[in-house]
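Shown next, in structure tokens, is the structure this report addresses.
The values are calculated or read from the model by the stated rules, or taken from the named source; none is laboratory data. Not measured: the values here are computed from a predicted model. Cβ placement follows ideal geometry from the backbone for every residue including glycine, while neighbour counts extend to all protein chains displayed. In case anyone asks, the SASA skips ligands and DNA or RNA and just uses the protein heavy atoms, side chains included. Shrake-Rupley method; radii C 1.70, N 1.55, O 1.52, S 1.80 Å.
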Amino acid sequence: MILTDKIIAKGAEANLILKNFSDLFFPCEEFGEVLIKRRIPKEYRNVELDEDLRDFRTVHEAKLLADAKKAGVSTPLIYRVDRTDMEIIMEYVEGEAIKEILEGFRSSKRKEICLNIGKQIARLHDSGIIHGDLTTSNMIFGEDGNIYFIDFGLGEYNSSTEAKGTDIHLLHRTLNSTHFEVAEESYESVLEGYKKESGVGAEEVIERVKEIERRGRYVKKEER
Amino acid sequence: MICLGFEGTAHTVGVGIATSEGEILANEKEVYQPDEGGIHPREAAQSHSDNVKEVLDKAVNKANIEPEDIDLISFSQGPGLGSCLRTAATSARALAVWLEVPIIGVNHCISHIEIGRFTENVNDPVTLYVSGGNTQVIAYDSSRYRIFGETLDVAIGNCLDTFARRVGIPHPGGPRLEELAKKSENLIDLPYSVKGMDLSFSGLLTEALRKYEKGASLEDLAYSIQENTFAALVEVTERAVAHTKKDEVMLVGGVAANQRLRQMLDLMSEEHDADFYVPPMEFCADNGAMIAWNGLLAYGAGKRQEIGETRIRQRWRTDEVRVPWRSD
């Protein structure tokens, strides 16, 4: 029997494919469907560079997902890493991307969610993990009520204040560009959660975010 | 309505003349060429101030109009090098006061997008704007051009030119590097730096120079720098396309002259079922016509400025500008 791949999303760098756990591994109804993240070759890139990037990102992302989970961050469980087809086979998290639903929440719930996001980012950073692409598309509001962090493809191990600051700055940018109506209140709550979880070190990071944004390229009119 | 626009953000002083009916009547310019090294802001401004009258005369003659026919003056108010911006702004103010016509300062980056939308008849693109001073991925959303990604340090054009200069290739080095790159297919390992939606080229520049000093061939380095940095540019653009789901991609700015970059963006666009556009280089590189056209758009949408509001804005960001001429 030939099963065609059920592609549920075509991202910029990978296709997301749903398959039954039972078809891939062993019969077990409990596990239901699994998600395959397959990094597809990019025709525009030099072949060597393309393979290096895909291989590195596949292995690296799997490791980051696992280490983030150890740090107490909700991430999908990994079943297998395949470096021939450049695939990570992982738990399929049912839910919706924060990107799609952030504005839809009432203000108190939105605040709760943003606090949670801030706390989880703090746990990542306290474990020396930089997500690298903290956009609201990469946070899933799971059906179990947890907020799952996905797509660590651009993540890295880095404990520097600069890296942490840049990480948070990216989220700030996404809020401003995609959720501009609720951007500032959401960002404030994220920082509040971050500070609560991370303690004293958080202040330095938040100061650095401001500094990064002040480096000329991010200065708002009224702050000049 | 006829608008005359002054461009002067960096090495180009340009005068363009456009009509509200959508005709470009003239697009003249003079480009400052440093004797050695890169752009020296004060010397560039001096060169602009020496050349602006001649460029203005040429444009008015080319357009075959009388000064009295001009209804509006626009100029690049920012972002750019302060001394250059001041030269263009001063010329614009003087002419507006003399002709007793309104004056409007426009954002240089947005003018690049608008002239491209106009000449290529593009509706709503994801734009990659790459030049010596700017590297931005821009897409329109809710009455503003939003920046989806940009360089965190040097612009791509600056990175290419600086590398070229340091290895003895005269300014502007980008085109020469492109020629050298065609002679190699040997990829040298260089740091690939995409940070989320943003880019960083300074580390790559340092590493490329280090490898040159250690004896790597210029052809291989030129090839590797292009493959590496362009892949990063295209990747960020691709992410913006995937994120916004727009079906048009546009390339503007001086680095748009590079054929390899065009080819890569074209391949990426095809993969996302998007159409790919590059305006003619006359309108891609810095020019006065884009300033004139943007002036008409802004004026048509009701924007008015007093002379006192025409102070230059060196760090004027693309996403600070309200875009009332787009209602989508």
Out of all the residues in the stretch B:89-106, is one or more among the hydroxyl-bearing types (Ser, Thr, Tyr) and crowded, with 24+ Cβ neighbours inside 10 Å?
-> no
Of the residues in the stretch A:155-164, those that are at pLDDT below 95 and crowded, with 22+ Cβ neighbours inside 10 Å come to A:GLY155
Across (1) outside the structural domain of A:LYS164 (by TED's automatic domain parsing); (2) free of Cβ contacts under 8 Å to residues at least 12 places away in the same chain, A:MET86 clears everything bar (2)
Checking A:GLU51, A:GLU13 in turn, the sole residue that is modelled with pLDDT of 90 or more and of a type in the set (Asp, Glu) turns out to be A:GLU51
Given (1) part of a loop (DSSP other than H, G, I, E, B); (2) surrounded by fewer than 19 Cβ atoms within 10 Å (Cβ to Cβ), A:GLU188 misses just (1)
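Here is a yes/no grid of residues against (1) outside any helix (DSSP H, G or I); (2) within 14 Å of chain A (Cβ to nearest Cβ):
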| residue | (1), (2) |
| --- | --- |
| B:GLN263 | no, yes |
| B:LEU267 | no, yes |
| B:GLU270 | no, yes |
| B:ASP273 | yes, yes |
| B:ASP286 | yes, no |
| B:MET290 | no, no |
| B:ASN294 | no, no |
Of all strands (runs of 3 or more DSSP E) fully inside the stretch A:1-114, the set with 1 or more residues that are buried (at least 19 other Cβ atoms within 10 Å of the Cβ) is A:14-20, A:33-39, A:87-91
Just one listed residue, out of A:HIS179, A:HIS172, is more than 9 Å from chain B (Cβ to nearest Cβ), touching a helix residue (DSSP H, G or I) at 6+ places or on another chain (Cβ under 7 Å), under 18 Å from B:MET197 (Cα atoms) and open to solvent by 10 Å² or more (accessible area, probe 1.4 Å), and it is A:HIS172
Of the residues in the stretch B:252-261, those that are within 14 Å of chain A (Cβ to nearest Cβ) and assigned to a helix (DSSP H, G or I) number 3
Of the candidates B:VAL255, B:VAL278, B:VAL249, the one satisfying the condition of being in contact with a Ser or Thr (Cβ under 8 Å, 6 or more places away or on another chain), closer than 20 Å to B:ILE110 by Cβ and open to solvent by 10 Å² or more (accessible area, probe 1.4 Å) is B:VAL255
Within the stretch B:176-190, restricting to residues that are of a type outside the set (A, V, I, L, M) and surrounded by 15 or more Cβ atoms within 10 Å (Cβ to Cβ), the one that is nearest to the other protein chains (Cβ to nearest Cβ) is B:SER184
Those residues of the stretch A:182-214 which are of a type in the set (D, E, K, R), touching a Gly at 6+ places or on another chain (Cβ under 8 Å) and within 14 Å of chain B (Cβ to nearest Cβ) amount to A:ARG208, A:GLU211
(1) within 25 Å of A:GLU51 (Cα to Cα); (2) in a loop (DSSP other than H, G, I, E, B) all hold for B:THR229 apart from (2)
Scanning the stretch A:169-224 residue by residue, those of a type in the set (S, T, N, Q) and at pLDDT 95 or above turn out to be A:SER186, A:SER189
Exercise. For A:TYR148, state whether it is farther than 19 Å from A:GLU96 by Cα, aromatic (Phe, Trp, Tyr) and not assigned by TED's automatic domain parsing to the domain that holds A:GLY11.
Key: no
Check on B:LEU152, open to solvent by 40 Å² or more (accessible area, probe 1.4 Å) and over 27 Å from B:GLY22 (Cβ atoms)
yes
Contact list, first residue from the stretch A:49-73 and assigned by TED's automatic domain parsing to the domain that holds A:ILE113, second anywhere and open to solvent by less than 40 Å² (accessible area, probe 1.4 Å) and among the polar types (S, T, N, Q), beta-carbon distance below 8 Å, six or more apart or interchain, is none
Test B:GLY132 against the criterion of being in contact (Cβ under 8 Å) with a residue 12 or more places away in the chain, open to solvent by 30 Å² or more (accessible area, probe 1.4 Å) and touching a helix residue (DSSP H, G or I) at 6+ places or on another chain (Cβ under 8 Å), and give yes or no.
yes
Within the stretch B:296-322, the count of residues that are more than 14 Å from chain A (Cβ to nearest Cβ) and buried (at least 21 other Cβ atoms within 10 Å of the Cβ) comes to 4
Listed by first then second residue, the pairs whose first member lies in the stretch B:268-285 and is within 15 Å of B:GLY16 (Cα to Cα), whose partner is open to solvent by less than 60 Å² (accessible area, probe 1.4 Å) and in a loop (DSSP other than H, G, I, E, B), with beta carbons under 8 Å and at least 6 positions apart or on separate chains, are B:CYS284/B:GLY253; B:CYS284/B:VAL278; B:ALA285/B:SER131; B:ALA285/B:GLY253
Within the stretch B:193-206, of all residues that are buried (at least 18 other Cβ atoms within 10 Å of the Cβ) and in a helix (DSSP H, G or I), the one nearest to the other protein chains (Cβ to nearest Cβ) is B:LEU204
message = For the structure I just gave you, tell me whether A:LEU134 is in a loop (DSSP other than H, G, I, E, B) and crowded, with 22+ Cβ neighbours inside 10 Å.
response = yes
Scanning the stretch A:115-131 for residues that are open to solvent by 20 Å² or more (accessible area, probe 1.4 Å) and within 15 Å of the chain's Cα centre (by Cα) gives A:ASN116, A:LYS119, A:ARG123
Here the residues within the stretch B:143-178 that are within 20 Å of B:ALA231 (Cβ to Cβ) and either hydroxyl-bearing (Ser, Thr, Tyr) or over 21 Å from the mean Cα position of the chain (by Cα) (or both) are B:THR151, B:THR162
